[in-house]
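Structure record follows, encoded as structure tokens.
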Amino acid sequence: MINRSEKPKAVKDIYFELPEIKEFRLKNNLRVLFVHKNNLPILQLNLISESGSKFDPTGKKGLAYLTAQLIDEGAGKYNALELDEEFDLLGTAFNTSLDNDNVLLNLLTLQENFERSLELLSLIITEPNFSDEDFIREHAKLITKLIQSKTQPAVQANKAFDKIIYQQNPYSFPTSGLENDVKLISNDDVKSFYNKYYSPNKSCLIVVGNIIENDLLYNLNKHLSNWNSTSNFDVEISIPQKEKTKVYIVDKKDSPQTEIRIGHLSTKRKTKDYYAKVIMNTILGGQFSSRINLNLREDKGYTYGAHSGFSYNKVTSHFIVSTSVETKFTKNSVDEILKELKAIKVTISDEEIEFAKSYLTKRFPAMFETFNNVARNLSTLVIHDLPFEYYNNYLSNLSSVTRKEVEEAAANNIFEDNCAIILVGDEKSIRNQFNDYGYEIESLKL
């Protein structure tokens, strides 16, 4: 019998080793990463194409998003409905997504239907229809989405934060674009964007699943080597200088809550203090029992949740604290967040560091439970140019971080005096709380 009066014994140290990553190039120079995973008869394919929203031309923000939305709306001899039906008959799941840097095409299929699913993927990437009918429909849907987003405070807060932090560089614009710009986009613009930026030399295919390597290589060359376009385009991204902390208010009249975003620019993904930053942020706001959440939720009762994190793109990153509070607690919440940003640079206990390491270690294996999880983590290696042994060394690198390194990570990466404070809510009520505030306050129109 289990003696429930005794605390369960701790498990032994977790050992994890990612299956071997194979890398090869197809005849058209498309890079492929492959992990053999045979516990289920399925395959996950993630195609990463560096054709994200950072390539949107001036005056047509939203073009990359619209292109990604249309690329699977019919291909080859199939219209949009017929292509969906083909995937449904195969039991294959397919979707696209987009961020500032990349477009991701994700496909999950049964082993027995792999080749046919791959054939359809090939049609999507090499022969998208871009019909006028599909364009009219998706174009209208995007405009509607952008109009609706104006009523969503959380979306507006994120949009305002990026706009202020990145100061008109390509990362400052929402990936879905700007309403007035989208209205000017034509189907010819979509076709031109596809022809210019979608190419195998700026892409990588991730394959995770139950297939023999030689069979995989044969089928990939058979169905994807005819993708022969070349893209040599890049975009210059300037990194803004740090500015003094300032408050920006986006008015949502009579809103009962305020969306809060506080943060600043940070460093690239590949830095020596990355693991120390992970531990430091876990303590600060990276999990439920973090300082910020315990303060604002458990102690003060201002919010249902508050968290912080570093968000990375290809050339830089930003640090951000996010929460939503009742309007009357807006200033108090801002003050408490800034207090925690200062405090993390003053003292960090050994107990907090050990708890953070334990938390990160115990959740690590779950990152590789599913085929999609494995593929997504391999995508991280590609996007941030990380070594193949990154995940195998992850736990030992975390474990070796010292208290001094965590303290230095806080000192070198948290800047409470250089923050953008974004508040989306009832401006009149918010301003009444910030009388004689020490920081400049500005109304912001989006």
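Can you find a residue in the range 151-162 that is farther than 17 Å from residue 445 by Cβ and without any contact (Cβ under 8 Å) to a residue 24 or more places away in the chain? For the range 151-162, residues farther than 17 Å from residue 445 by Cβ and without any contact (Cβ under 8 Å) to a residue 24 or more places away in the chain: absent.
Just the residues that are charged (D, E, K, R) and in contact (Cβ under 8 Å) with a residue 60 or more places away in the chain, please, taken from the range 375-406. Scanning the range 375-406 gives 376, 385, 405.
Annotation: of all residues in the range 157-169 being in contact with a Ser or Thr (Cβ under 7 Å, 6 or more places away or on another chain) and part of a helix (DSSP H, G or I), the one that is surrounded by the most Cβ atoms within 10 Å (Cβ to Cβ) is 162.
Considering every residue within the range 118-135, establish whether at least one is touching a residue at least 60 places away in the same chain (Cβ under 8 Å), out of contact with any Lys or Arg (no Cβ under 8 Å at 6 or more places or on another chain), outside the structural domain of residue 381 (by TED's automatic domain parsing) and over 30 Å from residue 211 (Cβ atoms). Yes, the range 118-135 contains at least one residue that is touching a residue at least 60 places away in the same chain (Cβ under 8 Å), out of contact with any Lys or Arg (no Cβ under 8 Å at 6 or more places or on another chain), outside the structural domain of residue 381 (by TED's automatic domain parsing) and over 30 Å from residue 211 (Cβ atoms). When residue 382 is tested against the conditions (1) of a type in the set (A, V, I, L, M, F, W, C); (2) farther than 24 Å from residue 287 by Cα; (3) surrounded by fewer than 16 Cβ atoms within 10 Å (Cβ to Cβ), the lone failure is (3). The requirement of being out of contact with any His (no Cβ under 8 Å at 6 or more places or on another chain) and either of a type in the set (Asp, Glu) or not assigned by TED's automatic domain parsing to the domain that holds residue 201 (or both) is fulfilled somewhere in the range 100-109, by at least one residue. Against the test of being under 18 Å from residue 224 (Cα atoms), surrounded by 19 or more Cβ atoms within 10 Å (Cβ to Cβ) and not acidic (Asp, Glu), the options 70, 47 yield a single qualifying residue, 47. The set of residues in the range 400-439 being modelled with pLDDT under 95 and either more than 30 Å from residue 152 (Cβ to Cβ) or in a strand (DSSP E or B) (or both) consists of 436, 438. Within the set 125, 136, the sole residue that is modelled with pLDDT of 95 or more, closer than 26 Å to residue 221 by Cβ and not aromatic (Phe, Trp, Tyr) turns out to be 125.
Considering the range 319-338 alone, what residues qualify as being of a type in the set (D, E, K, R) and touching a residue at least 24 places away in the same chain (Cβ under 8 Å)? Result: 326, 328, 331, 336. Checking 237, 185 one by one, the residue that is farther than 30 Å from residue 151 by Cβ, of a type in the set (A, V, I, L, M, F, W, C) and either touching a Lys or Arg at 6+ places or on another chain (Cβ under 9 Å) or at pLDDT below 95 (or both) is 237 and no other. Here residue 340 meets each of (1) outside any helix (DSSP H, G or I); (2) surrounded by 15 or more Cβ atoms within 10 Å (Cβ to Cβ); (3) of a type outside the set (Gly, Ala, Ser) with one exception, condition (1).
Of the residues making up the range 290-307, at least one is surrounded by fewer than 21 Cβ atoms within 10 Å (Cβ to Cβ) and either within 17 Å of residue 161 (Cα to Cα) or under 19 Å from the mean Cα position of the chain (by Cα) (or both). Test of understanding: among 181, 134, 189, which residue is closer than 19 Å to residue 62 by Cβ, in a helix (DSSP H, G or I) and touching an Asp or Glu at 6+ places or on another chain (Cβ under 6 Å)? Result of the check over 181, 134, 189: 134.
The values are calculated or read from the model by the stated rules, or taken from the named source; none is laboratory data. A quick note: this is a predicted structure, and the numbers were derived from the prediction, not measured. Virtual Cβ from ideal backbone geometry, glycine too; neighbours counted across all protein chains shown.
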